[in-house]
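Everything below concerns the one structure shown next.
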Amino acid sequence: MAMTLDDLQLLLDVVNRGSFSKAAAVRGWSQPMVSQRIAVLEQDLGQPLFRRHRRGATPTPACEQFLPAASSALSALEGGRLAMQGAPALPRIRLACLPSLTTVVFGPLLLALVDETFEIRCNTDHSGIIMQELLTGETDVGFILKCPAIAGIQLELLYRSPIIAVACATHPLAGRQGLTLQDIANERLAPQQWGTGCDELILQLRLLRQVASPLHAIQPASAARELALEHGFITLMPALAIARDLEFGRLVQLDVVDLPPDHWDVMMAWRSGKRPNPAKERVLEAARTLAARWAGKPA
């Protein structure tokens with residue numbers, strides 16, 4: 001059976017979803033159908049493409065080497081379709097970031113790059129999925145939280161954002177100095193789920209809490225922001241995610257002196273390659289300039 005572009009898309013689907021059964025579900029196929037098609041592809045290429053295990057499938061080194069070519073072939077097909085429609089054949093850069101970073105990343109980057117001679121496509125997902133999309137070539141540059149390295153993916157720390165306690169400017173505790181966790185424990189609380197530190201803090205607050213009401217941890221940052229801004233909640237979240245609200249006084253940082261220190265490591269990730277890609281390099285440069293502004297440094 002000759003290799004088809006649909007086989008290449010199936011390959012990317014399995015890599016992104018981490019299992020044959022999930023890739024099959026998306027297509028409305030049975031799992032054996034996917035296994036059979038992948039087996040034929042492996043036979044054509046002369047290399048095993050996946051390690052099968054009980055939790056799914058992970059790409060082999062040979063598969064990781066083949067992924068850029070598969071992605072390029074699919075991109076070339078899409079480019080040909082656009083050319084037939086008379087659409088301009090501009091280079092395209094695909095960006096992805098966490099939902100909680102969209103406001104501080106996508107908007108400023110698009111403003112910085114609006115006059116460049118390439119098009120930008122933006123998407124959101126979790127860090128692990130973005131890393132897989134970088135591997136398959138479906139994403140060119142990702143903005144994620146610190147996560148385990150993957151061979152062939154470059155990671156660069158852009159900014160370390162502290163976790164802070166915030167409330168709206170009219171909250172009764174706004175402006176008070178020397179607050180403690182005991183002071184905020186009985187308030188309406190909804191911290192953003194920023195990581196394991198959030199669960200540990202909730203446990204600490206629950207021990208101090210004297211009211212019989214739940215403690216909620218929510219995502220994304222926009223949901224925590226709305227609860228603080230519109231509904232009188234105190235939230236704990238990365239300062240970067242609400243930098244504009246703090247700057248204009250819509251939200252204020254509470255002076256909680258015994259708040260355990262924690263932070264978000266915001267990373268930029270991209271696939272290394274031998275071919276120069278001026279559009280991607282321009283995005284990386286603009287992101288570094290943006291990160292310098294976050295840190296209050298001259299660009």
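The values are calculated or read from the model by the stated rules, or taken from the named source; none is laboratory data. Because the structure is predicted, anything quoted here is derived from the model rather than measured. Note that each Cβ is placed from the backbone with ideal geometry, even for glycine, and that neighbours are counted across all protein chains shown. Accessible surface areas use protein heavy atoms only, side chains included; no ligands, DNA or RNA. Shrake-Rupley method; radii C 1.70, N 1.55, O 1.52, S 1.80 Å.
Taking the listed residues L240, L203, the one that is part of a helix (DSSP H, G or I) and surrounded by fewer than 18 Cβ atoms within 10 Å (Cβ to Cβ) is L203, with no other qualifying.
Name the single residue that is nearest to F66 (Cα to Cα) among those in segment 252-299 being in a strand (DSSP E or B) and hydrophobic (A, V, I, L, M, F, W, C). Ranking the candidates gives W270 first. In segment 117-135, which residue that is part of a loop (DSSP other than H, G, I, E, B) and closer than 15 Å to L145 by Cβ is most open to solvent (accessible area, probe 1.4 Å)? The qualifying residue most open to solvent (accessible area, probe 1.4 Å) is H126. Tell me, which residue of segment 152-165 that is modelled with pLDDT of 95 or more and touching a helix residue (DSSP H, G or I) at 6+ places or on another chain (Cβ under 6 Å) is farthest from A62 (Cα to Cα)? Going through the qualifying residues, I end up with I164. Got at least one residue in segment 144-161 being without any contact (Cβ under 8 Å) to a residue 12 or more places away in the chain, assigned by the TED database to the domain that holds L101 and either assigned to a helix (DSSP H, G or I) or open to solvent by 10 Å² or more (accessible area, probe 1.4 Å) (or both)? Yes, the conditions are met somewhere in segment 144-161. Looking across segment 132-151, the residues that are closer than 18 Å to L240 by Cα and in contact with a helix residue (DSSP H, G or I) (Cβ under 8 Å, 6 or more places away or on another chain) come down to G142, F143, I144, L145.
Of all the criteria given as (1) open to solvent by less than 30 Å² (accessible area, probe 1.4 Å); (2) assigned to a loop (DSSP other than H, G, I, E, B), the one not satisfied by Q210 is (1).
Does at least one position in segment 24-40 carry a residue that is open to solvent by 80 Å² or more (accessible area, probe 1.4 Å) and within 22 Å of T139 (Cα to Cα)? Yes.
Residues checked against (1) assigned to a loop (DSSP other than H, G, I, E, B); (2) open to solvent by less than 60 Å² (accessible area, probe 1.4 Å); (3) modelled with pLDDT of 85 or more:
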{"residue": "E42", "(1), (2), (3)": "no, yes, yes"}
{"residue": "S72", "(1), (2), (3)": "no, no, no"}
{"residue": "A96", "(1), (2), (3)": "no, yes, yes"}
{"residue": "D115", "(1), (2), (3)": "yes, no, yes"}
